[in-house]
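Data block below; observations after.
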Amino acid sequence: MNRFLRFSSIAISMLLFSTGCTSSGDGLKKETTQAVKHEIKKEKEQVVQAHHVVHQNRHWGYTGEVGPAHWGELNEKYYLCSEGTQQAPIDVVPTKKSNLPRLQLSYTKSAKDIVNNGHAVQVNMVKGNTLTIDGYPYALKQFHFHTPSENHIKGKSYPMEAHFVHATPNGNLAVVSVVFVEGSANPALNRMIKTFPLGKNQPKSVDLPSEYINVLLPADTAYYKFMGSLTTPPCSEHVKWFVLKKPITASKEQIDAMHQEIGQENNRPIQPTNGRVIEE
């Protein structure tokens, strides 16, 4: 910006000088004026471009100029956040009755570690936990928490939601969503909360064997199914979503502790369904 101001003062001086020339120099004056205007325009474009580059390098968040409404502007890789047509979360209202198969979850291995990544509390998993879809295994990579819930179910929001994120070796993604209501304390959450406070991006060991991971799922795993996206940048689409119908309980103290550790409301607003099929 300082460079532009310095150039502008020189340009103005040149314009003033050119206006003092005699009529015999009108041709030269015109050429000089056009050249100066061209350079001023070029300098302005460079300043705007520099500002755009700085803006593009800003990290995403949940409030203000880096909040969900602006994610698509922060990085060209995030364009789906503003241009996508199958974005999540949504208000889950079924549009089609289907004979959906039973959800094939096999969580038999323990957690690897727990981390506050600056956006959510996330539990990373060792290999060996799977969700099988159409005969093909998706590996459970991690699960994390949102307070309040991101997805709504038939217009209802919940105080907390867990996303179990699965992937295939070629990058196909599937998310199992579990919502929480206030009630009895959850023993798995107790073990996670014992690790708080967590340093940002500093993984910490957590005593969470497979039996505790499974108590984060309701006994009845009936679900709603739809195609969606990641709920955080880059908002990648073609993600298979399985939102469990039955909530599980957590105590108010547990939900408050999770929210306090996250440090903010980390729920992306509800996105339009755009006529998507939502099966049950």
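For residues in the stretch 203-221 being of a type in the set (A, V, I, L, M, F, W, C) and touching a residue at least 60 places away in the same chain (Cβ under 8 Å), which is nearest to F242 (Cα to Cα)?
Among residues in the stretch 203-221 that are of a type in the set (A, V, I, L, M, F, W, C) and touching a residue at least 60 places away in the same chain (Cβ under 8 Å), the one nearest to F242 (Cα to Cα) is L217.
Among the residues of the stretch 223-242, is any assigned to a loop (DSSP other than H, G, I, E, B), farther than 29 Å from H59 by Cα and assigned by TED's automatic domain parsing to the domain that holds T132?
No, every residue in the stretch 223-242 fails to be assigned to a loop (DSSP other than H, G, I, E, B), farther than 29 Å from H59 by Cα and assigned by TED's automatic domain parsing to the domain that holds T132.
For K127, indicate whether it is surrounded by fewer than 20 Cβ atoms within 10 Å (Cβ to Cβ) and assigned to a strand (DSSP E or B).
Considered against the rule, which asks whether it is surrounded by fewer than 20 Cβ atoms within 10 Å (Cβ to Cβ) and assigned to a strand (DSSP E or B), K127 comes out as no.
Somewhere in the stretch 191-207, is a residue farther than 16 Å from Q122 by Cα, of a type in the set (A, V, I, L, M) and more than 23 Å from the chain's Cα centre (by Cα)?
No; the residues of the stretch 191-207 include none that is farther than 16 Å from Q122 by Cα, of a type in the set (A, V, I, L, M) and more than 23 Å from the chain's Cα centre (by Cα).
Of all residues being out of contact with any strand residue (DSSP E or B) (no Cβ under 7 Å at 6 or more places or on another chain) and in a strand (DSSP E or B) in the stretch 130-170, which is surrounded by the fewest Cβ atoms within 10 Å (Cβ to Cβ)? Just the residue, please.
Per the stated criteria, the residue is Y136.
Please go through the stretch 190-222 and give me each residue that is of a type in the set (D, E) and either outside the structural domain of M258 (by TED's automatic domain parsing) or part of a loop (DSSP other than H, G, I, E, B) (or both), ordered by number.
Scanning the stretch 190-222 gives D207, D220.
Could we say that T249 is outside any helix (DSSP H, G or I), within 16 Å of H119 (Cα to Cα) and touching a residue at least 40 places away in the same chain (Cβ under 8 Å) here?
When the stated conditions are applied, T249 does not pass them.
The values are calculated or read from the model by the stated rules, or taken from the named source; none is laboratory data. Fair warning: this is a prediction, and the values are worked out from it, not measured in the lab. All Cβ positions, glycine included, derive from the backbone under ideal geometry; neighbour counts span all protein chains shown.
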